């Protein structure tokens, strides 16, 4: 199959490129745009209590179920707010309300004496805003926040200063941070890939080519993802575009290197340009297809997740990987067919046979001492994996974003006069179970009892729905950071059960609010990991079984990949929770490592085991086969791993700390996969097991060639 594909693509490059361009234009031009969500609760299943409570509240309190901004006003000299100051603030609110039509989706500006902090350090102006869904509406709402910030100083006059914070303003500021992160990551990724390929091949055209092709592939992928989002009814989150960019440029560069190294190798073996490229595509076709299939299938397993973010990432990233796999076996070879050896210009090194000294020495070491090498590599991974047992999730998104934004400063200023949880209350929804209307007395009694519970700093006045008097709400204000692990665990494990016990007779109580939502997210993420990891392990094993035609090899390759996953997570714990004393890791870091270390890291194992099998089929004994596989394959694995790890490491430049955590952890995981597992652990274990590693493959088991070599020239020692 791959030989036939190689001949068609290489011998008819213009037709291949034309077909690809027609398909790309059609997809990009006709596909809908992917819808994104920022509210984490939108991704939770409805069976969770926090979501059920939100749905009840949205029906019972429709006028308050939408979003709001919060203006924090204080004196410029830092002194307490005076009655005269309050009068000026109330007049400013009335003035801006009179001009409310200027601010898209804003319903008014509300303040009163109750909005003044007990210590009179600050006064709040609440800005209720309509919820929006469309792209243009979101832009208009963002502009409204920016316009309010411009107009506030004039409305307040001298002596007072204000900062706009709250949910909407935070989203606007963080959107800018994501946009900045995306720009930084994209530019740094381009520079890194170009720089490293220049270093390897010393050929400008070879370095620029993958950037252009992968960028085009990403646009096609986004179009197909938009179509899939409509068919499967999913939406992404704000980080999906960044993740997709890094994934496609990482694996795209990998597959490009797989092909280019083999092409150069065949040219050095004396073949003409067309024959060399056909053989290269045939040889790497199975590896690229298996690697892309393993990654795509692993991503698709995320569709089993209950948490909507993960189930949206699954098909989105799988589509991107599948398109990249097709590109790597069609568009890349077609362009290389037209360029020929000019792709290596001006370097002449492609004509020279490399000594391969380092790779040969490493291969010799593993071939002579496979037990020692495998034991040392395994011991390192196990030592790192131990740290995974101390993993803690961190849901404080606000702290992960730059703290010099206006919304972040507003949140800090507000804590001068109100409890830390003032803007993120725990919402206690009370609903009558016998159809009778609720009374303010019974709701306030519940609030007074709840005031004595652990972690509750204040209780807001109870509300009864005007449209449905059988539903009421009591908001509890936490005295600690509502997004911290302590608060989340408090609400999940203690406060929610205690509030349930306080329910008035004939009523039911459901607890919601952001803190309760994060507690439910914690449960759903743990559930998803317990389902996803074993299913992914089985599917990867099946793909390896199909590629290697071996039952034995997957039995140690899959545990090796899972060990690499655990080692990476443990390393993150050592660095962030240990050295940097962070309260925890971003809550979806295990899933991110699943995506990139478990899935993409399998690339290198597939490449190396395919080469190990190839050397065994050439008649080499197991130790000699391991030595030759490393000598031939290690340069490709090292180059690809370096580029992919480097691609993720550029996320350290992003101004968002959760992206920095992801970048460091994933880059380290890729490095462990490429340099520890693929070059040392897997070849070492394979050499120890011997020909039995390929059972029931008769040829590999007996050490005889099982298939004719499509090329009569034996591949020289050198780079893969």
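From the helices alone, meaning DSSP H stretches of at least four residues, give me the mean residue ellipticity at 222 nm for the chain, per-run term -39500 (n - 2.57), in deg cm²/dmol to the nearest 500.
-20000 deg cm²/dmol
Would you please give the FRET efficiency between residue 12 and residue 542, computed as 1/(1 + (r/R0)^6) with r the Cβ-Cβ distance and R0 = 30 Å, to the nearest 0.05?
0.30
Taking 8 Å as the Cα distance limit and 6 or more residues as the minimum spacing, I'd like the relative contact order of the chain as a percentage.
18
Convex hull volume of the Cα atoms in the range 406-519, per residue, in Å³?
105
Once you put a point 7 Å from the Cα of residue 412 and another 7 Å from the Cα of residue 131, both along the Cβ direction, what distance in nm separates them?
3.2
Could you work out the relative contact order of the range 406-519? I mean the mean sequence separation of Cα pairs under 8 Å and 6+ apart, divided by the number of residues, in percent.
36
Relative to the longest principal axis of the chain, what angle (0 to 90°, nearest 10) does the C-alpha long axis of helix 204-232 take?
Tilt of helix 204-232: around 50 degrees.
Can you give me the Cα centroid spacing of the range 630-649 and the range 168-246 in angstrom?
That distance is 20 Å.
For the chain, with equal point scatterers placed on the C-alpha atoms only and solvent neglected, what are the log10 I(q)/I(0) values from the Debye formula at q = 0.08 1/Å, to two decimals?
-0.71
Sort 105-111, 267-273, 566-572, 525-531 for me by packing, meaning the mean count of neighbouring Cβ atoms within 10 Å per residue, highest on top.
Averaged packing, sorted descending, gives the order 566-572, 105-111, 267-273, 525-531.
Using per-residue counts of other Cβ atoms within 10 Å, averaged over each peptide, order 442-452, 46-56 from highest down.
The packing order, highest mean first, is 46-56, 442-452.
Report the relative contact order of the range 66-173, percent, no decimals, based on alpha-carbon pairs under 8 angstrom and at least 6 residues apart.
Once normalised by length, the contact order is 43 percent.
To the nearest 10 degrees, how steeply does helix 83-98 sit against the main Cα axis of the chain, on a 0 to 90 scale?
60
Counting only DSSP beta bridges with both residues in the chain, tell me the antiparallel percent, nearest 5.
Roughly 90 percent of the DSSP beta bridges within the chain come out antiparallel.
How do the peptides 493-502, 507-516 rank, highest first, by the average count of neighbouring beta carbon atoms within 10 Å per residue?
507-516, 493-502
Read-outs: derived from the displayed coordinates by stated rules, not from any lab. All of these numbers come straight from a predicted model, not from anything done at the bench. Don't worry about glycine lacking a Cβ; one is built from the backbone with ideal geometry, like all the others, and counts go over all protein chains shown.
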